[in-house]
1. Residues in the stretch 20-49 that are under 19 Å from the mean Cα position of the chain (by Cα) and buried (at least 19 other Cβ atoms within 10 Å of the Cβ): how many?
2. Could you list, in sequence order, all residues of the stretch 61-78 that are free of Cβ contacts under 8 Å to residues at least 40 places away in the same chain and surrounded by 14 or more Cβ atoms within 10 Å (Cβ to Cβ)?
3. Cβ contacts < 8 Å: first residue without any contact (Cβ under 8 Å) to a residue 24 or more places away in the chain, restricted to the stretch 346-366; second residue among the polar types (S, T, N, Q) and outside any loop (DSSP other than H, G, I, E, B), any location; separation 6+ or different chain. Result?
4. Restricting the stretch 266-275 to residues that are among the hydrophobic types (A, V, I, L, M, F, W, C) and within 22 Å of Asp321 (Cα to Cα), which is surrounded by the fewest Cβ atoms within 10 Å (Cβ to Cβ)?
5. Please verify whether Asp139 is within 27 Å of Val270 (Cβ to Cβ), surrounded by 22 or more Cβ atoms within 10 Å (Cβ to Cβ) and in the same structural domain as His25 (by TED's automatic domain parsing), treating the condition exactly as stated.
6. Is there a residue in the stretch 191-206 that is closer than 26 Å to Phe48 by Cα, modelled with pLDDT of 60 or more, of a type in the set (Val, Ile, Thr) and outside any helix (DSSP H, G or I)?
7. How about the stretch 207-225: which of its residues are touching a Ser or Thr at 6+ places or on another chain (Cβ under 8 Å) and outside any loop (DSSP other than H, G, I, E, B)?
8. Of the residues Ala92, Ala120, only one is in contact (Cβ under 8 Å) with a residue 24 or more places away in the chain, crowded, with 23+ Cβ neighbours inside 10 Å and among the small types (Gly, Ala, Ser); which?
Amino acid sequence: MSALRESTAGDATAKTTLAVRRYRHSDRESYLSLAARAGDDGVSAERFAWQYEDNPYLDHAPVFVAERGDEIVGAAGLWPLRVRLGDATRVAVQPGEAVVDPDYRDRGLPGLLFGEAIDACRDGEPSVCIDFSATPGGDVPERTELGRLSTYYRVNDPGSILELGEPLARIGRAAARGYAAACDRIAPSTEPLSVDRYESVPPETFAALYRRQVPAAIHAHRDEAFYRWRFRNPARDYEAYVARRDGEPVAGAVVASRRPPEGEGRVARVVDRVPLVLDDRDAEASLLDAIVSAHSDAAAIAVHQDAFSHRTLSRFGFQRDDAVPVARVGSPTAFGVRSLRADGAAPIEGYDPTDRTDWLIGFCERRDC
């Protein structure tokens, strides 16, 4: 059996030798069987294919498995994404799901598997590993912490998010609707523009909008291939909005919602907005107005900190996740980076990946959005 190395995992009463190796296509059914044993409803054949097999950036995504004999008891991989650095592009990776058999949990398998995947990427393509987590540290060993990323929320139904019982939930809904209505009355006019809604993202339109003003900072490269693949995650429903002036597209946004069954507490996320540099405040307001109107039934609408201006978000009733009472809905995300170059510190196309100011990061760059 081909094995990269052997790892001993065990508890106080027993030790089991596990072989760790790269995932093979013939492992697919075993992987899905493992996910079923682990009770991970988010892992499916369709989602695995989208993340790794249909990914347009690497022919063989770095996915590793741990097995005992002929049985796979753990699996984890890195999700590839092409990023742009000035005039060049490189592949970045970030941790995907770690799936572990219940009998082998709490033995360090995810860290071992992610470590093997990172080692397999060293000094080639991909060039950098990025990681998002609830707390500093995450799944990537030796990562450099680059600070926290905030989200703005417009809360429509605080009761369903905070799991308040009646009558507190009813009072919360009334208060949220009252606040939103007051904000809508002073929101900027959107009359000069029209907004079209699409059930899927039009790749050519969004790629053309992206190319109008490409920022210098590191970010996901948004070409037609990206838009044909990125928003096909089977765990999400996506819709697109295009603001037009005199019939010509001037800005676009993509909104994602979890697929049923999600029940109460549904959060609609604005996961992309192009151009990434947008000085047209009328277009910005038009997009946000259309999104807010279309998702008035959502418990909350989430927007990444750099997707829209603070002024426009405030005027539409959005508050940051470090503000009261929104801090009870969400919290800032820890962002970390690790270079995959051999010396660990060499610039990539003149950029320092461990410098926060060199990045422009949003939901679009995050695998789980």
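The values are calculated or read from the model by the stated rules, or taken from the named source; none is laboratory data. All values reported here derive from a predicted model rather than from experimental measurement. All Cβ positions, glycine included, derive from the backbone under ideal geometry; neighbour counts span all protein chains shown.
1. Final tally of qualifying residues: 2.
2. Ala61
3. Partner pairs satisfying both residue conditions: Ala346/Ser339.
4. The qualifying residue surrounded by the fewest Cβ atoms within 10 Å (Cβ to Cβ) is Val267.
5. Criteria met by Asp139.
6. yes
7. Our first condition is that a residue be touching a Ser or Thr at 6+ places or on another chain (Cβ under 8 Å); within the stretch 207-225, this holds for 217, 221.
Residues satisfying the conditions do not exist here.
8. Ala92
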